[in-house]
Amino acid sequence: MKRNFYIDLIFIFLFILFGVLRYFQTAETVVMKIFSPTTLAVDLNGNRRIEGDEVLCVSGVKTFSDNLLEYNDEVAQKLGISYKSAVILAIQAKDFAETSLSDKPVKFVADEVQENPNCTMGDILVDNQSYREKLLNGGYGFDEKFESSKLKERVESAKNLHPVVFNHKSRKYHEIDCKYGKVSEDFVLLMKEDLPTDAIPCKYCHKGADAHQVITPYPDKISSGDVKM
């Protein structure tokens, strides 16, 4: 009698264990961190920690980096765009990635051939839609052919926008080509209209500007370090 009881317990335990494993195999995963619009950390094993094999790269699409030290002159020349437009495209692509992926349930489809030792290449599915296609069709990224009508529209509209470098530590903002902005310890790229109300213009690149100038009483975007609202 006792033997049958223990056998039943073992079978129940194995059944529950199989169910848990099956759940984690089929469940959607969550984006933990966005390093760039095409490089992400996805919680593949459900432990809410970023591990080495959980850094994923979206293949077949490229975007400009929002790190001013990584500006790609060659790509900008191929696209026929200015430095300012490249920075604006970087800001827009990063904002799109954060809106589309931050803490969202996603599925990852790995490429059959892996050529990048630093991350796993593939595509992200959000609501069963390809994130790669969203980047390309929305004009936030480009492929090797550099052909995208939406990208051209974004470049054209960028002429009316004003990107700046905002230093969280000093609360100063700089023009994107300011030498002091590029060496800031803790900076983020923002549109000028999205600056916080206590932002102070850099005296070097904003000569004659009021040191206590308030840009806008109600910014559309509030940024603090890695957090944007």
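General remarks:
- Candidate cross-link partners of Lys104 among the lysines, defined by an alpha-carbon separation under 23 Å and a same-chain spacing of 8 or more, comprise Lys33, Lys62, Lys94, Lys134, Lys221, Lys228.
- Nearest-10 value in Å² for the accessible area of His162, using the 1.4 Å probe: 60 Å²
- Protection-proxy order for peptides 44-54, 126-136, 91-101, each taking the mean of Cβ atoms within 10 Å per residue, highest first: 91-101, 126-136, 44-54
- Of the accessible area of segment 38-185, computed with a 1.4 Å probe over protein heavy atoms only, carbon and sulfur atoms account for 46 percent.
The values are calculated or read from the model by the stated rules, or taken from the named source; none is laboratory data. As the structure is a prediction and not an experimental result, all values here were calculated from the model. Neighbour counts are summed over all protein chains in view; Cβ atoms, including those assigned to glycine, are modelled from backbone coordinates with ideal geometry. Accessible surface areas use protein heavy atoms only, side chains included; no ligands, DNA or RNA. Shrake-Rupley method; radii C 1.70, N 1.55, O 1.52, S 1.80 Å.
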